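The values are calculated or read from the model by the stated rules, or taken from the named source; none is laboratory data. A quick note: this is a predicted structure, and the numbers were derived from the prediction, not measured. Here the Cβ positions follow ideal geometry from the backbone for every residue, glycine too, while neighbour counts run over all protein chains shown. Protein only, heavy atoms only, side chains kept; ligands, DNA and RNA dropped before computing areas. Shrake-Rupley method; radii C 1.70, N 1.55, O 1.52, S 1.80 Å.
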Amino acid sequence: KELSFANVRIAGTMMGTSANAEGKFEFRLKPDNYILITSFIGYKSDTTKINLTQNMQVEISLKAISYELNEVIVTPRENPALRIIRKAIESKHIREENLNSYIFKSYTKGIIKTNRPMDSDENSIIINAGDETDSIPLSIEGILENENIGYYKKPDLYKDEIIARKQTANFPSEINFLTGGRLMQNFYTDDVEFFESPLESPISDKALDYYFYYLEDSLMLDDLKIYKILFETDDNSDPGFEGYVYISDSTFSLIKIDVKINDAANPFPAILKEIKVFQQFLSYEDIYMPIDYRLFVDIELSLFGKTLAASFDLNSIYFDYQINPEISPNFFADDVIIKVHNDADDKDSTYWQNTQTIPTNLEEEIAYARIDSLEAIPKDSSFFEFDILDTKLNFSENFQLNGPIGLSHYHFNRVEGHTIDARFSFDEIINKYSYTSLDLDYGFDDKKFKTDFSFGARFGKSNLFRISVNVYDKLKYLFDDTPISNTEFIITYLSLSDKQDFLEYYYSSGADIKFSYEIHPKINLAVTFSHQNDRTAKKNTDFSIFETEKKFSNVLPIFDSKINSISPQIDFTFRKIKYIEDSNGKRKFYMPGPVMTLSLQGIFSNKSILQSNLDFNLFRSIITTNIRPFETTELNTKITTVYSNGPVPFQILQHLTGNIDNFGREYSFRTLGLYEMFGDRVLAFNLQYNLYDELFRYLNLPILEDLKLNLYLHFNAAYLDISDQSKNILTVPYKTFNQPFYEIGFSIGKVIWILPLAVEFTWKLNHKDGNNFVIGLGMFEF
């Protein structure tokens, strides 16, 4: 049988690799004499001498060896596996003391398989795979590869350089950032992160209090005895790993990991059926280093009797280690964590034939040819795609039309009535970082065409200068802020079924042009020149499928006006920032950790100079913070201040984001209505503390732990007033908070299928009226 992931190294060098799942491996070597040493736990290693003068194939067979494990009697004194793990933790500390820096090369291959062809259409119909999901045929629908050099220096300096990368034509080159040494999880560290949550390594300092261990077997690797230890979390409700850890007898070094993420660590157990990790280690100058990292993810999603099955396999090999080399700290001074070489995307087939890789099997070769040839077909007006939710008409590689036949291009509200829309998209017209789109829609009840044209591009050496243009004549939401996502779909459904259109609308036409420049990684400057004509909308229909007698509410009137304004803005980010530097420029990348942002904005409208209808100045500041007080808990705050002089029209006033009846979201006032409170003198404070499941696990209550519930606390406060000048032009009734308003509450959430839903409980602490306590439904972050 094939020995999947067998280790192969070249004697007398730092070169090594591991085989693929079929037991095949490759070396790219200069002509010379070499000795190959092949090893696999439970087998006697093989030494193969070769005289390399031309490309050659060798077949290596290993002979199984066994070690008779004495009968293990577990006494009340100590589980024998615990002694081994304790020694392994001590060995880990010795390794950390001796390892100050290292350099390595890596090669990574990622493969995506599905039971349907992949394309750029997110709404493609899922094929019917039948009832037996285990027999769903999967075909390769995407491959990505790269060659990488990694650098590490204590305490936490790290950099990757992507030397070469390629992928099937249905992937952009940027997806290659997902691979390389930075993605590698090293089980020699205490915390191994998945889904942005740290999980305890089986040899972490806390592992003995977190996992249960059982010595299942002893195997041989030549003359070295290897302990095979089964482990899992002490409490099934604790997120972590389960599987096997292999520890050497003489040095108690970590030799191999073969594990999967348990259900408690899986945020979507209904979709992510299994997440497995396999990793091996070899000794380089008496320090054990990772030689591979294998990640296997199985996905299954069922909708309306259809099943989408997919898998993602990531295979990385690490070789050519340099242990404790001299690396100047200045090498990391530019804060670039991933640097893509300028010619990384230009490497041809000759290059890949002469670099270290994982062998490509026949299925992968066919997939490359099939996908690349399909993507190379010129797109013209005869290339038409259709499904029940969407339509797409490609006129060229960079120009396409979405709609208007598909259901996703229909919506309904009480102003427009039945509406169809379409979008024309133009990509990379000016340069690689430019986009253009034109949205068109027509409402059959207001009998109006709406247009929305957008253009954006980045320029300069590092694409730090940006320009965006928006020319429009459309229907806008009041305050342009809603408490739900997929707003048009929800409004369409509620309006047609129950005549619940909770939004307020107005017509707006005009143009915005915005210039922005990143003068520093933590400072961004922008200025927007705006011309807008705002007009009150009105209700034009009372149509509904079921509630034929019920009437829609009238639309709130706005202050009809022409506003010409200049809006300067400066944004600060107070956080440690790292970069991904692509071959064409830099991209900002935020590392996990505490962060605070400050945004300062002004809106200046002037009659004499800008020919605006109103003279006013409005100043706004927003401060947000994000910290993790302990473990995975997350504390988020937001402080909003607004001050103005001059009459500010209703549609530009600052409002306190309220909620629709019993539906809430973060940074919103749960006991206030959607358009209840607005003003131009505002100080608002929002706090949300995401405890996730930490408290329930800490309390060690079995029922709560097994339910995998998440706990969230929220507190909101606000002072709000309206200046006399703004009151004079208000078109609707208003309320103010001359004394600060407070509310407090909590929510209990759980992922149901794929939806993170929460039940919220909120109390008003003052300014009480008939809505002093609210029970609502919301969606939480996890």
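Some notes on this structure:
- Pairs with Cβ under 8 Å, 6+ apart, first in the range 254-270 and at pLDDT 85 or above, second open to solvent by less than 20 Å² (accessible area, probe 1.4 Å) and charged (D, E, K, R): Leu254/Lys92
- Apart from one condition, Phe630 fits all of (1) buried (at least 16 other Cβ atoms within 10 Å of the Cβ); (2) within 24 Å of Pro594 (Cβ to Cβ); the exception is (1).
- Count of residues meeting criterion [among the basic types (Lys, Arg), within 36 Å of the chain's Cα centre (by Cα) and surrounded by fewer than 19 Cβ atoms within 10 Å (Cβ to Cβ)] in the range 87-96: 1
- Qualifying positions in the range 594-627 - open to solvent by less than 70 Å² (accessible area, probe 1.4 Å) and not in a strand (DSSP E or B): Asn606, Leu610, Ser612, Leu614, Asp615
- Conditions (1) at pLDDT below 85; (2) at positive phi; number of the one not met by Pro702: (2)
- If you filter the range 288-306 down to residues that are more than 22 Å from Lys260 (Cβ to Cβ) and open to solvent by 10 Å² or more (accessible area, probe 1.4 Å), you find that the one that is modelled with the lowest pLDDT is Phe304.
- Residues that are surrounded by fewer than 19 Cβ atoms within 10 Å (Cβ to Cβ), small (Gly, Ala, Ser), modelled with pLDDT under 95 and not in a strand (DSSP E or B) do occur in the range 763-773, at least one of them.
Conditions (1) at pLDDT 95 or above; (2) open to solvent by 50 Å² or more (accessible area, probe 1.4 Å); (3) more than 30 Å from Ile163 (Cα to Cα); (4) in contact with a strand residue (DSSP E or B) (Cβ under 8 Å, 6 or more places away or on another chain), marked per residue:
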site: Leu62; (1), (2), (3), (4): no, no, yes, yes
site: Tyr67; (1), (2), (3), (4): no, yes, yes, yes
site: Val72; (1), (2), (3), (4): no, yes, yes, yes
site: Arg77; (1), (2), (3), (4): no, yes, yes, no
site: Pro80; (1), (2), (3), (4): no, no, yes, yes
site: Ile111; (1), (2), (3), (4): no, no, no, yes
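- The range 668-690, subset in a strand (DSSP E or B) and open to solvent by 20 Å² or more (accessible area, probe 1.4 Å), residue farthest from Asp480 (Cα to Cα): Tyr689
- Pick from the range 513-559, criterion charged (D, E, K, R) and under 30 Å from the mean Cα position of the chain (by Cα), ranking: least open to solvent (accessible area, probe 1.4 Å): Glu518
- Count of residues meeting criterion [at pLDDT 80 or above, surrounded by fewer than 20 Cβ atoms within 10 Å (Cβ to Cβ) and charged (D, E, K, R)] in the range 194-227: 6
- Which numbered condition Ser644 fails, given (1) over 31 Å from the mean Cα position of the chain (by Cα); (2) open to solvent by 10 Å² or more (accessible area, probe 1.4 Å): (2)
- Scanning the range 674-726 for residues that are without any contact (Cβ under 8 Å) to a residue 40 or more places away in the chain and of a type in the set (A, V, I, L, M) yields a count of 8.
- The range 486-508 - residue that is among the charged types (D, E, K, R) and in a helix (DSSP H, G or I) and, of those, most open to solvent (accessible area, probe 1.4 Å): Glu488
- Set side by side, the residues Phe572, Phe529, Phe546, Phe515 differ, and just one is of a type in the set (Phe, Trp, Tyr) and either assigned to a loop (DSSP other than H, G, I, E, B) or closer than 30 Å to Asp498 by Cβ (or both), which is Phe546.
- Remark: Asn463 matches the filter, which requires a residue to be in contact with a Gly (Cβ under 6 Å, 6 or more places away or on another chain) and either outside any strand (DSSP E or B) or modelled with pLDDT of 90 or more (or both).
Okay, residues lined up against (1) under 30 Å from Ser668 (Cβ atoms); (2) in contact (Cβ under 8 Å) with a residue 40 or more places away in the chain:
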{"residue": "Phe424", "(1), (2)": "no, no"}
{"residue": "Ser434", "(1), (2)": "no, no"}
{"residue": "Asp441", "(1), (2)": "yes, no"}
{"residue": "Phe459", "(1), (2)": "no, no"}
{"residue": "Lys474", "(1), (2)": "yes, no"}
{"residue": "Thr492", "(1), (2)": "yes, yes"}
{"residue": "Ser497", "(1), (2)": "yes, yes"}
{"residue": "Leu503", "(1), (2)": "yes, yes"}
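- Residue count for the range 404-452 under the criterion of being within 23 Å of Phe502 (Cα to Cα), modelled with pLDDT under 90 and crowded, with 16+ Cβ neighbours inside 10 Å: the result is 4.
- Residue within the range 730-748 that is in contact with a helix residue (DSSP H, G or I) (Cβ under 9 Å, 6 or more places away or on another chain) and of a type outside the set (Ser, Thr, Tyr) present: yes
- Residue match in the range 586-593 (condition: assigned to a strand (DSSP E or B) and open to solvent by less than 60 Å² (accessible area, probe 1.4 Å)): no
- Residue-level analysis places Ile729 among those that are of a type outside the set (Gly, Ala, Ser), in contact with a Pro (Cβ under 7 Å, 6 or more places away or on another chain) and touching a residue at least 40 places away in the same chain (Cβ under 8 Å).
- Top-ranked residue of the range 319-343 - restricted to ones that are modelled with pLDDT under 90 and closer than 18 Å to Met14 by Cα, ranked as surrounded by the most Cβ atoms within 10 Å (Cβ to Cβ): Phe319
- Residue count for the range 696-750, restricted to those that are part of a loop (DSSP other than H, G, I, E, B), within 30 Å of Val648 (Cβ to Cβ) and open to solvent by 80 Å² or more (accessible area, probe 1.4 Å): 4.
- Of the residues making up the range 484-521, those that are among the charged types (D, E, K, R) and more than 27 Å from Asn470 (Cβ to Cβ) are Asp498, Lys499.
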